[in-house]
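Worksheet for the structure shown next.
The values are calculated or read from the model by the stated rules, or taken from the named source; none is laboratory data. Owing to the predicted nature of the structure, the values given are computational and were not obtained by experimental measurement. Here Cβ is always computed from backbone atoms with ideal geometry, including for glycine, and neighbour counts include all displayed protein chains.
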Amino acid sequence: MKNKTHFPFLEIESIPQLIKDFLAKDIEGFETAVFNLENMKLQLEAKKNTFSAEQRAILSNTFISQYKGFELTEFQTKNIELLSNDNTFTVTTGHQLNLFTGPAFFIYKILQTIKLADFLNTHFLESKVIPVFWMATEDHDFEEINHFSTDKNYYEISADSGGAVGRIKVKDTPFIAAFEEEFKDSPFGEELIALVKKAYKEGNTLAQATRIIVHQLFSQYGLLVLDGDNRDLKMQMKSLFKEELLHQTVFESTKDTIDFLVGRYGKVQVNPREINLFYLTETRDRIAFENDQFILVDKDKSFSKEELLSALEQFPESFSPNALLRPVFQEVVLPNLAYIGGNAEIMYWLELKDYFAKINIPFPILIPRASVLVLNQKTLDKTETLGLNRDDYFRDLDQVSKELLLVDHDILTLLNQQKNELEQQFQKLKESAKKTDVTFGNLVDAEKTRQLKSFKRMQKRLLRAEKIKQSEKLNRTKNLFETVHPGNKWQERTLNFSSFYCTLGPEWLQNCYREIRVEHSELIILPI
């Protein structure tokens, strides 16, 4: 366990129970959405029969149009050409347009998608599978994406918010000078500095900036980047958007699944609205239906039914799906087999299974993305010195500290031994007491409870004493956890990829790619 590097999600305390049950095929009706080759073969056949030649032509032309001005690798050019064939499919991941990719898991989910495509290409030789990254260009929460952190600094940009973030143009970039100062002396610092300057050149949109970064890092792997803020793609969604406006299809079709998930897990990741669409102009405004008319929430504008349906017919690009309808948009316009997402993403995808069935679109294979923890040898050595196992990183710090302070403790061992003997003695006494008088048995239970509380008090007192006695060891443990979990979060959700790329460059990407195992949903410790 001390040198273990791969930890299945099923063994990690903090992974949501819904994800664990899904991976264990312990949720009736979702077994075929779990990744394995048998399910993937069924998915491939289903998608082949539902994705038309016309859709393939639109997709190919969209990629060609969106990559104008980019120098494509031979791999990418071939992948775009292959999309015209009815035996070519995609596997997809997606993410927001975080500043310079944001937290490191942005990188990991793309690498896993690339590796999944490579894996499937070795198992389905008569087909071709292409990795795709879907940019969430229409999100409007700029504050969620306008920053990133390294282990030394916090970086941020400012811009007018409220509209689709992909359309925001770069204006003010003082963060670049600070970024340059941090990384100028790193082995791959100049490469990172050149990339951030190229991506966030004044006048670029955030969609262009993200495409530039992802293209430079992953073009050699054949990855294609798709922007859904596109008229030709949304033309394919007109009928579904219309159904959503008139009949609240997502809201109605997900009720049973949501009731089931709430009953079993207490809540769902995203509650559907009655209408799951936004109206997209210079701002992105939620559509609702009130008093026999459609309104834009928080905006003084309304439409009659005829007016809004006419707008949809003429300008489908002005309608933007929310978090629940966006997965449907993706699966309509792509010949997609599987989606790789974070645990929260997978949980809201699961809400949509009945809706997919209603609209006759194959529900994709869902794969919780791998998590990666990058640690240097010094940190790993400290772990062993303190007597910790690597899986302790993913447990509660207080519980780990308690076990560490009291491991093989003579007094605790004696207390536990005496406690067990006491419980056995009371059990014998209770069995005899019942034969005499039931109320006497209750008295025995009450006395047992009283005396066991004394043992708990002694254990707590012992722990307090050991915390004082071993304060240095306790502080070293806390400091180690803070190193592993900066900001009390998993490292991959806090640090930007530049913190690791600056030292190893493309080799770091290749190391991550090598360690990711597409057959498993797990957390990986990557020593550097």
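Remarks
- In segment 70-93, the residues that are not assigned by TED's automatic domain parsing to the domain that holds GLN55 form no Cβ pair under 6 Å with any partner that is in a loop (DSSP other than H, G, I, E, B) and among the aliphatic types (A, V, I, L, M), whether six or more places apart or across chains.
- Filter pass, ASP118 being surrounded by fewer than 21 Cβ atoms within 10 Å (Cβ to Cβ) and assigned to a helix (DSSP H, G or I): yes
- Condition check for ALA159: modelled with pLDDT of 95 or more and either within 25 Å of GLU522 (Cβ to Cβ) or assigned by TED's automatic domain parsing to the domain that holds PHE363 (or both): no
- Any hit, segment 135-143, residues being surrounded by fewer than 22 Cβ atoms within 10 Å (Cβ to Cβ) and within 16 Å of ALA338 (Cα to Cα): no
- One residue stands out among those in segment 345-379 that are in contact with a Phe, Trp or Tyr (Cβ under 7 Å, 6 or more places away or on another chain) and of a type in the set (Phe, Trp, Tyr): the one that is farthest from VAL518 (Cα to Cα), which is PHE356.
- Among the candidates ASP151, ASP172, residue that is at pLDDT below 95, among the acidic types (Asp, Glu) and over 27 Å from the mean Cα position of the chain (by Cα): ASP172
- Residue within segment 73-83 that is in contact with a helix residue (DSSP H, G or I) (Cβ under 8 Å, 6 or more places away or on another chain), of a type outside the set (Lys, Arg) and not in a helix (DSSP H, G or I) present: yes
- Segment 221-235, residues that are of a type in the set (Asp, Glu) and in contact with a strand residue (DSSP E or B) (Cβ under 9 Å, 6 or more places away or on another chain): ASP227, ASP229
- Among residues of segment 246-265 that are at positive phi, those with a Cβ under 9 angstrom from a residue that is modelled with pLDDT of 95 or more, sequence gap 6+ or separate chain, pair up as GLN248/PRO272; GLN248/ARG273; GLN248/GLU274; GLN248/ILE275; GLN248/ASN276; GLN248/PHE289.
- Qualifying residue in segment 50-57 (condition: surrounded by fewer than 23 Cβ atoms within 10 Å (Cβ to Cβ), modelled with pLDDT under 95 and in contact with an Asp or Glu (Cβ under 8 Å, 6 or more places away or on another chain)): no
- The residue list ALA338, ALA323, ALA357, ALA344 contains one member that is within 21 Å of VAL91 (Cα to Cα), among the small types (Gly, Ala, Ser) and buried (at least 18 other Cβ atoms within 10 Å of the Cβ), which is ALA338.
- Residue match in segment 175-194 (condition: under 28 Å from ALA338 (Cβ atoms), buried (at least 18 other Cβ atoms within 10 Å of the Cβ) and either of a type in the set (Lys, Arg) or out of contact with any Asp or Glu (no Cβ under 6 Å at 6 or more places or on another chain) (or both)): no
- The residues listed here are GLU126, GLU138; of these, the one that is in contact with a Leu (Cβ under 7 Å, 6 or more places away or on another chain), within 30 Å of PHE51 (Cα to Cα) and in the same structural domain as PRO327 (by TED's automatic domain parsing) is GLU138.
- Residue in segment 81-89 that is within 30 Å of LYS267 (Cα to Cα), touching a strand residue (DSSP E or B) at 6+ places or on another chain (Cβ under 7 Å) and among the polar types (S, T, N, Q) present: no
- Contact map, segment 486-499: residues that are over 9 Å from ASP151 (Cβ atoms) paired with residues that are surrounded by fewer than 16 Cβ atoms within 10 Å (Cβ to Cβ) and among the acidic types (Asp, Glu), Cβ distance under 8 Å, separation 6+ or inter-chain. Pairs shown: ASN488/GLU482.
- Total residues in segment 346-386 satisfying the condition of being touching a strand residue (DSSP E or B) at 6+ places or on another chain (Cβ under 6 Å) and among the polar types (S, T, N, Q): the figure is 1.
- Within segment 65-117, being of a type in the set (A, V, I, L, M, F, W, C) and farther than 15 Å from ILE212 by Cα holds for PHE75, ILE80, LEU82, LEU83, PHE89, VAL91, ALA104, PHE105, LEU111, ILE114, LEU116, ALA117.
- Just one of the listed residues (LYS267, LYS238, LYS242) is of a type in the set (D, E, K, R), surrounded by 15 or more Cβ atoms within 10 Å (Cβ to Cβ) and out of contact with any strand residue (DSSP E or B) (no Cβ under 7 Å at 6 or more places or on another chain), namely LYS242.
- Of the numbered criteria (1) more than 21 Å from the chain's Cα centre (by Cα); (2) surrounded by fewer than 21 Cβ atoms within 10 Å (Cβ to Cβ); (3) under 29 Å from ALA357 (Cα atoms); (4) of a type in the set (D, E, K, R), the one GLU282 fails is (3).
- Options LEU277, LEU223, LEU192, LEU206; residue that is of a type in the set (A, V, I, L, M), touching a helix residue (DSSP H, G or I) at 6+ places or on another chain (Cβ under 7 Å) and free of Cβ contacts under 8 Å to residues at least 60 places away in the same chain: LEU277
- When residues of segment 121-134 are limited to those that are of a type in the set (A, V, I, L, M, F, W, C) and surrounded by 13 or more Cβ atoms within 10 Å (Cβ to Cβ), the one farthest from ASP227 (Cα to Cα): PHE124
- Once segment 14-47 is narrowed to residues that are small (Gly, Ala, Ser) and surrounded by fewer than 15 Cβ atoms within 10 Å (Cβ to Cβ), the residue that is modelled with the highest pLDDT is ALA24.
- Qualifying residue in segment 97-105 (condition: part of a strand (DSSP E or B) and surrounded by fewer than 22 Cβ atoms within 10 Å (Cβ to Cβ)): no
- Flag set for TYR339, criterion: hydroxyl-bearing (Ser, Thr, Tyr) and part of a strand (DSSP E or B).
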